[in-house]
Structure formats: structure tokens, C-alpha cells
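Enquirer: The structure is given below, and queries will be raised subsequently.
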């Protein structure tokens, strides 16, 4: 199939990326109950298993993202995208029917590999979009990501009231319908003469980090970025488990609070970052975001109930300035022809920080809610994250300010 893609093909690509993020968010509200059911452990043990399940999912995305993209350069976009969507449907069914923790891990590994299809989706859009329009189209792709994370937990939480496996069966049905839709509307956009052989060397996910060694001014800021990602990994790692342990939240409440979390962050990041940076500058915007992030972490650790959490979500919103402000500062330390490399390095930092952080905070939560532990404070992971982020803030204050460079 080699024809000009129509609007239905582009719609399929956006739906695919949207479903990838829905699948990630879908799991979070029902995961504690599902793990308890499958493993026979208590909430403390389930949180530890949950951390490793997130590690399996994120690790596969990190490892296979570059490989999936390179595979699409070799065999074309259509087969890789369709295989990814079909693989997601299989993952949801595996997870829904999982009789043991082993099968839950198999499902999460499948999901991580298939969820790496965003690289192929971006390549598909680059094939069919004029260079001048790509920023707009990739912005829409980012919106699909954000919308998926907002809707995914809400759907997972509401469907989870009928049982922890129900959301996965619904998601499997949606993925299979999307696969059938794509089979008929998705053309191949990469001509045979433009393909290249698959290369393992180009598929190395760690290679993107080499960019930081080339531009020394980026290294201190990359350390801040990594520590920020590591500290804020506490949220996907324990939010659902913490809500259940601290307040007895239902799956629906967990899902709706996660959706509110994503919505407020998206509004702050997408609507306020530009005006705030223009008003106070990149460095001060990042500082403000880090300070409010520390305040929010301490607040979650001390929160007495749902109302306090909802108030803290609003206080937490300025954290959304940190990532774009730091990214802009790092971009000033590298020449114009290295900006793509810098973004690839930042993406790798984010993946590694989230991988390590989810495991760390899941272990801490499991230890503190264990009956024989030295404390019964389920907020301990938030306090640890606040301490780490406060240390990051102090380090950031010691760095020199980077001024934007105007280049001809």
C-alpha cells in the first residue's frame, strides 16, 4: 500500500498514540487491587510488585524506542504501527486474564515494547508533513499524549469499580477496533528507495546521553534535570497505593485524582509557562516550580484527607514550569545544530530517572507500611522525595545563570 495518506490515516496515528498513554494511565487506579488478587499479598507487598511492574514497562519503552524507530526505517511505517497496536490488544488481554505475577510482567513487557510506537508515529507524521508544519503537528501529538494520561486514569478508575480486570478487557476491545480501522485506512508512507538496513548501533538507547559530554555547560543542568525526574517519580510509583492506604480511596477516586493531576499540570505547563517565563525569566521560573514542588510533596505527606489533596493539586501546578524552563536553559548551552541531540539526551534522562525512581519509592512505601516497619507513616516516600528535591534546589542555586544567545 503506497498512496498519499488521508485524514483517516492521520487520525489513526493520533488514536494510536492516545491509546498508548491511556493504557499507561488505565493501569494505575486498578493495579493495587489486581496485584493483591494475583499475588495474594497485602498492600505493602503489592506496592513493591507495582514498582517493578512500572520498571518493566518503562524499561522496555526505553530499550525498544530507538529500535522500533529504526525498524520502521527498514521495513516501513505501516507494518510497525499495525503490529504495535495489535500487540497492545494482546497485552491488555494477557493482563486481564493474568493468573499470576509472571503473566502480569509478561503483559507489562508487551505493553512497554508496543508503547514505544510513538517513535514510528512521529516518523509517519514527518513523512507526510511539510517541514514548516511539523512543529504544529508534533504539538498535536503532545496533546494526544497529555489527553491520554488525563483520560486513562479516569476510565481505569470508573471501570475498576466493576472489577480490577474490566478496564483491560475494554481497552483490548478498543485496541482491536483501532487495529481494524488502521488496516483499511493506513497507507505506507516510506518509499522503498528511502529505506535503510536495520542497525543495532543506531538502536542504542544509552547513546543519546553522549551529547552531554560534548557540551560541558549542559552537564550541571542535566544533573538538576535528572534529580528532578528521579524525585517526581514518586507520583506514578505510589499514588494509588498511598491513596488507598492513607484514605481508603476507591479505584474511581484514585482515577479521578490522577486525571485532575494531569489536567492541572497540562494547563499550567501549556497555558502559563510562556507568560511566567516572560515575566520572571527561565531561571526564576524553574526555581519557583522547584520550590512549589517541594511544598506540595511535604503537603501530600501530611495531608489529612481528599480536600487537602485537591487543594495541594492547585499548589502543585507551578511544578509544570520546571521541565520546559530547564530544557530552554540547556538549549542555550549548545549550538543550533545540536538541539535535536540535546532533546534526545533529555528524553533519556527522563526515562532513566523515572525507572530508578519508581522502584526506589515503591520499595520505600512498602517498607514503611509493613506492620513490622519502624514507622507507620505512609507519607514517608513523599518526605524522601521532598528532601531529594530540596537538595536539588540548593544545588541549582549554586549554578551560574545562563543567558539566551541571539544567533544570526
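Enquirer: Among the residues of region 35-71, what is the count of those that are closer than 13 Å to residue 110 by Cα and not in a helix (DSSP H, G or I)?
Expert: Count: 0.
Enquirer: If I go through region 271-305 residue by residue, how many of them are without any contact (Cβ under 8 Å) to a residue 24 or more places away in the chain and within 24 Å of residue 29 (Cβ to Cβ)?
Expert: 3
Enquirer: Tell me the helices (runs of 4 or more DSSP H) entirely within region 277-360 that contain at least 2 residues that are touching a helix residue (DSSP H, G or I) at 6+ places or on another chain (Cβ under 8 Å) and at pLDDT below 90.
Expert: Correct list: 282-302, 322-331.
The values are calculated or read from the model by the stated rules, or taken from the named source; none is laboratory data. Nothing here was measured: the structure is a model prediction, and the numbers come from that model. Counting neighbours? That spans all protein chains shown, and the Cβs are built from the backbone with ideal geometry, glycine included.
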